[in-house]
Amino acid sequence: MSRRRVFYATGAALAGGMVVTGGALSDRLSDAEREMILQVARAGAVYPVEPPGFGEKGSALSRATMARLMEAEARLSPSRITLVRRGAQSLIAEGLRGAGQASLLAGVGKVANGPEREALVAAVQLAVATVIRHLAPDRSVPAEGWVGGLALLHRRQEQPRRLRHLTERD
């Protein structure tokens, strides 16, 4: 076999491997990470109040679906997906996968006060972009505010409470 053929074969094998492993592993979230972020999207769809629909049909909770999460995930930059993955993993490491809403919100507040805050904000922003399509998953607003509020509640050792709808009267 000539050197040219060896280089060509090696290059083709490496390129093929990079497409399979790079695309399949580094540019995609795992099922567990997606489930965790979807859980955050569902919590954020009702806490502290339902976010506006911006012309989209259905409630915010009905828009927190796996299909929409995967659409939002596809809009992430490669560098951001690494941060999102770390954020989701930090919540999973806290034992929050499958936890109830109150435990999840308290856990987000706890993680937000630790070293993975930036990664947590990235994961929460993906959850936000799942529910509200016109918001970019690569940004940090409004996720930073939601995470910051839960971090403050955790520092004060207060339980997150749902806000009453603005039209309700005492």
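Here, each number is a calculation from the coordinates, and none is a lab measurement. The shown structure was predicted, so the numbers you read here are calculated from the model rather than taken from an experiment. As a convention, Cβ positions derive from the backbone with ideal geometry for all residues, glycine included, and neighbour counts pool all protein chains shown.
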Here FRET efficiency (C-beta to C-beta, Phe54 to Gln157, R₀ 30 Å, nearest 0.05) is 0.30
Charge sum, other residues only, whose C-beta stays under 11 Å from Thr130's C-beta, Lys/Arg counted +1 and Asp/Glu -1: +4
Set the Förster radius R0 to 22 Å, insert the Cβ-Cβ distance between Ser77 and His134 as r into 1/(1 + (r/R0)^6), and round the FRET efficiency to 0.05. 0.80
Given labels modelled 7 Å from the Cα in the Cβ direction, how far is it in nm from Met66 to Ala32? 1.7
Apply the Kirkwood formula to the stretch 75-170: the hydrodynamic radius equals the inverse of the mean of 1/r over all pairs of different alpha-carbon atoms; give it in Å with one decimal. 13.9
For Arg75, the net charge from surrounding residues (Cβ-Cβ under 10 Å; K, R +1; D, E -1) works out to -1
For Ala60, the net charge from surrounding residues (Cβ-Cβ under 13 Å; K, R +1; D, E -1) works out to +3
